[in-house]
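Colleague: There's a structure below that I have some questions on.
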Amino acid sequence: MRPSPLHFFLLPLFFAGASLLSAQTPKPEPREFLPAPFDQYCARRVAELSSSDWQKGITPENWPARQAQMRQEFQRMLGLDPWPARGDLHPEITGTVQGDGYVVEKLQFQSLPGLYVTGDLYRPKEVTQPLPTMLYVCGHSLVVENGVSMGNKAGYQHHGVWFARHGYVCLIIDTIELGEIRGEHHGTFKAGRWWWAARGYTPAGVEAWNGIRALDYLETRREVDRTKIGVTGRSGGGAYSWSIAALDDRIKVAVPTAGITTLKNHILDGAIEGHCDCMFMVNTERWDFDRVAALVAPRPLLIANTDKDPIFPLDGVMEIYNRTRALYRTLGHEENIGIHIAEGPHKDTQQLNFGAFNWINRFLKDGKREDLIDEPARPAFPPHDLKVFTEIPKDEKVTTIDQLFVPAFTPSAQPPTTAEWPQMRDHWMQALRHDCFRAWPTNPKELDTLTTEYGAKGLRLSKVNFQSEEDIPLTLWIMCRADVKPEDLELIVLNVHDDESWHDYETLAATAFPGQFPGVTPDPAAFAEEQKMLLGTKWAMAQICPRGTGPTSLAPLSPVKQIMLRRRLLLLGESLESSQVWDITRTATALRTLPGFTHVPLWLQAQKKMAANALYASLFIPEIKRLDLHALPPTHQDGPIYLNVLRDLDIPQAAALAAEHSTLAIYTVDAAPWQYARTVVATLGLPEKRIQIRQPLDAASK
């Protein structure tokens, strides 16, 4: 699926032969509204996360400690905790270009081995003393000649020219998305790499790291005054400016331009539809973006934007400014924060630049508010003059950095001993609760169920309505022999459905209960088999469709809308699948609250990704006797997505956790992925049958 709205926002170039995706900001496609029940749910979540109460109690004295804690949280959300190894940069200047009173050095360094960063360093021709220095990080400008990328640094060259002509050193660095070596920013937007969230990976982390390593390089240059380094950039570069300044105190002044707005703008107003993944952290801590802005305080910060920017709307920008200004006021440094709004769309305008240049001059060159900026920023070189590489290094890792940047979980070759197991189990459970399922309600309301019963063909069908959480209504269906009371049941099997299995059940149930499943074509043969089983036992078969499946299926939505809904949930610090796990746990709770069902032995059954959701749900449900898991994915790389899960464990480890208290029947043709769990079972002295590998059932016998 390749959604089309607003992939890039581009700076016009003025040279023949430079190929751009567009010379103007593309207009977004009409945004589709969020589907029910997700519209009210997202609105409620945004309201929860948008509170500025986190600033309460902050004082100038306790801010440094609070800032350090928040910085570490942000660092982790960017995939930078622990910090990658700060090895040799191996810098190389590949050529120079002469300008009018300045020189451009074409250079590259490696922020990690094989992670090449290409850039152009602008400096005055004659440098007699260390100069104030700017790091410029680029937005999404695609500059191509004859099918070869010149790097987006060529699209933003006019900033480097201006700074060099006005007594600064300026290093402009390419991004991994649109540099000379093309990496990927659109993992969830169009590339289907939902596992990024499971790995705790975001390209925003790579861009922040490359910027920090660029500062390491600048500190080696004799022309650079280490006490006067600033950062700026626009659009994507505005976002990276925030990250770099938030994480690194070497930045003494920051001017992020068109790089931040509120969760409300992104999620409820649709701004996320115009942004790739490089704009966002993996929002484990469930922040609104004012907390990112706060990490710059109390250093000089100018927030710059245009007033008609559709992807950084003015109301959100002003909200971020006002919240951040309140913190600066608390810290006694309100003079260090400013807002600069220029008229115009999402575009690199001279009016924006003049405000940025004035602010930077004030804080890095002791300028004044009233000083005149009397020269606009103008490009000076054809893009190919600024290209660093003549050929791409064979050892480059830019194109695969998403697979390498955040270390993935690797199980130990030796499973834990009996003595080691409790600590490992507790670590995994804490990681799941803290890093994967943080968005679950902390104080869920007592469940209020409403049951309606129907009878037909010797069976009783109970329809139980309840709310998994506010705004998320669910329906639990329970079928059993009409003459068996709940307290006399020997077993209840809770079937957790995806769209495919729910369709199968609907057609079965519609045979006897057509009024409850209107418009569904009955399947008498399937019903006859179910009827025979239920009439011959004291069993009950329960059915639940977690949110996003069955009656609330996402399938009717357009592919773009499905993607954007899932991305919204990720930005809220959760995923569709992590919410489905919660729904399964709440269904079990609802079932246990029904009269007579409190102590009936409970099985869970599900298929494919929903089988993995059921597996994880079982870890939080007391007294699950057995799980029947059909086509259970062996890894989250191809399975359900929970934030950060692959930093700590994978599905086989979850199976080992579940096997400690439940029997697992795994229906698969490949037993190898489950050997880890079977070994743990043996080590702990649990019955061998705790994990049973069975041949898959055909569709008719499921």
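The values are calculated or read from the model by the stated rules, or taken from the named source; none is laboratory data. From a predicted model like this one, the values you see are computed outputs, not experimental measurements. Neighbour counts run over all protein chains shown; Cβ positions are idealised from the backbone, glycine included. Protein only, heavy atoms only, side chains kept; ligands, DNA and RNA dropped before computing areas. Shrake-Rupley method; radii C 1.70, N 1.55, O 1.52, S 1.80 Å.
Colleague: If you check every pair at least six apart or on different chains, which have Cβ atoms under 6 Å apart with a residue in the stretch 351-378 that is more than 16 Å from residue 299 (Cβ to Cβ) first and a residue that is among the β-branched types (Val, Ile, Thr) and assigned to a loop (DSSP other than H, G, I, E, B) second?
Modeller: What qualifies is 354/373; 357/373; 358/373.
Colleague: Here is a list: 285, 319. Which entry is open to solvent by 20 Å² or more (accessible area, probe 1.4 Å), in contact (Cβ under 8 Å) with a residue 40 or more places away in the chain, over 25 Å from residue 562 (Cα atoms) and not β-branched (Val, Ile, Thr)? Break it down stepwise before answering.
Modeller: On the way: 285 fails: over 25 Å from residue 562 (Cα atoms).
Unique residue meeting the criteria: 319.
Colleague: Could you list all residues from the stretch 366-378 that are of a type outside the set (Asp, Glu) and open to solvent by less than 50 Å² (accessible area, probe 1.4 Å)?
Modeller: Hits for the stretch 366-378 are 367, 373, 376, 377.
Colleague: Tell me which residues, restricted to the stretch 570-606, are in a strand (DSSP E or B) and open to solvent by less than 10 Å² (accessible area, probe 1.4 Å).
Modeller: Those that are in a strand (DSSP E or B) and open to solvent by less than 10 Å² (accessible area, probe 1.4 Å): 602, 604, 606.
Colleague: Still on this structure, please answer the following. Between 133, 175, 202, 188, which is in contact with a Lys or Arg (Cβ under 7 Å, 6 or more places away or on another chain), of a type in the set (S, T, N, Q) and under 30 Å from residue 571 (Cβ atoms)?
Modeller: After applying the criteria, what remains is 188.
Colleague: Continuing with this model, one more query. Just to be sure I understand the filter: pairs with C-beta atoms under 7 Å, separated by 6 or more residues or on different chains, first member in the stretch 381-398 and more than 15 Å from residue 122 (Cα to Cα) and of a type in the set (D, E, K, R), second member part of a loop (DSSP other than H, G, I, E, B) and open to solvent by 80 Å² or more (accessible area, probe 1.4 Å). Which pairs pass?
Modeller: Short answer, once both residue conditions are applied: 397/404.
Colleague: Only one of (1) open to solvent by 40 Å² or more (accessible area, probe 1.4 Å); (2) assigned to a loop (DSSP other than H, G, I, E, B); (3) touching a helix residue (DSSP H, G or I) at 6+ places or on another chain (Cβ under 8 Å) fails for residue 609. Which number is that?
Modeller: Just one mismatch for residue 609, condition (2).
Colleague: Separate question: Only residues that are under 22 Å from residue 167 (Cα atoms), of a type outside the set (Gly, Ala, Ser) and open to solvent by less than 10 Å² (accessible area, probe 1.4 Å): list them for the stretch 233-252, please.
Modeller: Scanning the stretch 233-252 gives 234, 251.
Colleague: Same structure, new question: Give the stretch 328-358 a look and list any residue that's out of contact with any Ser or Thr (no Cβ under 9 Å at 6 or more places or on another chain) and within 26 Å of residue 60 (Cα to Cα), or say none.
Modeller: Selection gives 328, 329, 332, 333, 334, 335, 336, 338, 339.
Colleague: Moving on. For the stretch 405-442, what are the residues that are more than 30 Å from residue 468 (Cβ to Cβ), assigned to a loop (DSSP other than H, G, I, E, B) and without any contact (Cβ under 8 Å) to a residue 12 or more places away in the chain?
Modeller: Filtering the stretch 405-442 down to residues more than 30 Å from residue 468 (Cβ to Cβ) leaves 405-408, 410-424.
In the following step, the residues that additionally are assigned to a loop (DSSP other than H, G, I, E, B) were identified as 405-408, 410-420.
Those that are more than 30 Å from residue 468 (Cβ to Cβ), assigned to a loop (DSSP other than H, G, I, E, B) and without any contact (Cβ under 8 Å) to a residue 12 or more places away in the chain: 410, 412, 413, 414, 419, 420.
Colleague: Here is a further query. Return the residues of the stretch 253-282 that are in a helix (DSSP H, G or I), open to solvent by 10 Å² or more (accessible area, probe 1.4 Å) and under 23 Å from residue 35 (Cβ atoms); say none if nothing qualifies.
Modeller: 264, 268, 273, 277
Colleague: Look through the stretch 679-702, keep the residues that are surrounded by 15 or more Cβ atoms within 10 Å (Cβ to Cβ) and out of contact with any helix residue (DSSP H, G or I) (no Cβ under 8 Å at 6 or more places or on another chain), and return whichever of them is nearest to residue 428 (Cα to Cα). Break it down stepwise before answering.
Modeller: Restricting attention to the stretch 679-702, the residues satisfying the condition of being surrounded by 15 or more Cβ atoms within 10 Å (Cβ to Cβ) are 679-681, 683-684, 686, 690-693, 702.
Within this subset, residues satisfying the condition of being out of contact with any helix residue (DSSP H, G or I) (no Cβ under 8 Å at 6 or more places or on another chain) are 679, 692.
Numbers: 679: 17, 692: 23 Å.
Among those that are surrounded by 15 or more Cβ atoms within 10 Å (Cβ to Cβ) and out of contact with any helix residue (DSSP H, G or I) (no Cβ under 8 Å at 6 or more places or on another chain), it is 679.
Colleague: Same structure, new question: Restrict the check to the stretch 87-97 and report whether at least one residue is among the hydroxyl-bearing types (Ser, Thr, Tyr) and part of a strand (DSSP E or B).
Modeller: yes
Colleague: Of all residues in the stretch 322-333 being touching a residue at least 40 places away in the same chain (Cβ under 8 Å) and in a helix (DSSP H, G or I), which is least open to solvent (accessible area, probe 1.4 Å)?
Modeller: 327
Colleague: Being of a type in the set (Gly, Ala, Ser), in a loop (DSSP other than H, G, I, E, B) and either loosely packed, with under 12 Cβ neighbours inside 10 Å or modelled with pLDDT of 95 or more (or both) is the filter here, so list the residues in the stretch 43-64 that pass it.
Modeller: Residues satisfying the conditions are 50, 51, 57.
Colleague: Which residue out of 576, 591 is farther than 24 Å from residue 689 by Cβ, in contact with a helix residue (DSSP H, G or I) (Cβ under 6 Å, 6 or more places away or on another chain) and touching a residue at least 12 places away in the same chain (Cβ under 8 Å)?
Modeller: 576
Colleague: Among the listed residues 354, 363, 381, which satisfies the condition of being assigned to a helix (DSSP H, G or I) and surrounded by fewer than 19 Cβ atoms within 10 Å (Cβ to Cβ)?
Modeller: Within the list 354, 363, 381, the selection yields 354.
Colleague: Let me ask you something else. Report yes if residue 285 is among the acidic types (Asp, Glu) and in a loop (DSSP other than H, G, I, E, B), otherwise no.
Modeller: Working: among the acidic types (Asp, Glu): yes; in a loop (DSSP other than H, G, I, E, B): yes.
Criteria met by residue 285.
Colleague: Oh, and also: How many residues does the stretch 498-532 hold that are in a loop (DSSP other than H, G, I, E, B), without any contact (Cβ under 8 Å) to a residue 40 or more places away in the chain, open to solvent by less than 50 Å² (accessible area, probe 1.4 Å) and under 26 Å from residue 584 (Cβ atoms)?
Modeller: The qualifying residues number 3.
Colleague: Among the residues of the stretch 334-351, which ones are assigned to a loop (DSSP other than H, G, I, E, B) and either of a type in the set (Lys, Arg) or open to solvent by less than 30 Å² (accessible area, probe 1.4 Å) (or both)? Step through it out loud before you land on a result.
Modeller: Filtering the stretch 334-351 down to residues assigned to a loop (DSSP other than H, G, I, E, B) leaves 343-349.
Correct list: 344, 346, 347, 348, 349.
Colleague: Another question, then. Quickly run through the stretch 444-484 and pick out the residues that are open to solvent by less than 10 Å² (accessible area, probe 1.4 Å) and small (Gly, Ala, Ser).
Modeller: The one that is open to solvent by less than 10 Å² (accessible area, probe 1.4 Å) and small (Gly, Ala, Ser): 468.
Colleague: Report, by residue number, each residue of the stretch 485-497 that is part of a loop (DSSP other than H, G, I, E, B) and open to solvent by 50 Å² or more (accessible area, probe 1.4 Å).
Modeller: 485, 490
Colleague: Among the residues that make up the stretch 640-649, is at least one of them out of contact with any Ser or Thr (no Cβ under 9 Å at 6 or more places or on another chain), under 30 Å from residue 571 (Cβ atoms), open to solvent by less than 30 Å² (accessible area, probe 1.4 Å) and in a loop (DSSP other than H, G, I, E, B)?
Modeller: yes
Colleague: While we're looking at this one, here's another question. Take residue 654 and decide whether it is open to solvent by less than 30 Å² (accessible area, probe 1.4 Å), in contact with a strand residue (DSSP E or B) (Cβ under 9 Å, 6 or more places away or on another chain) and either over 30 Å from residue 427 (Cβ atoms) or not in a loop (DSSP other than H, G, I, E, B) (or both).
Modeller: Details: open to solvent by less than 30 Å² (accessible area, probe 1.4 Å): yes; in contact with a strand residue (DSSP E or B) (Cβ under 9 Å, 6 or more places away or on another chain): no; either over 30 Å from residue 427 (Cβ atoms) or not in a loop (DSSP other than H, G, I, E, B) (or both): yes.
No: the conditions fail for residue 654.
Colleague: Residues in the stretch 117-125: is at least one part of a strand (DSSP E or B) and of a type in the set (Phe, Trp, Tyr)? Spell out how you get there, then give the answer.
Modeller: Taking the stretch 117-125 as the starting set, the residues that turn out to be part of a strand (DSSP E or B) are 117-124.
Now narrow it down to the ones that are of a type in the set (Phe, Trp, Tyr): 122.
Yes; the residues of the stretch 117-125 include at least one that is part of a strand (DSSP E or B) and of a type in the set (Phe, Trp, Tyr).
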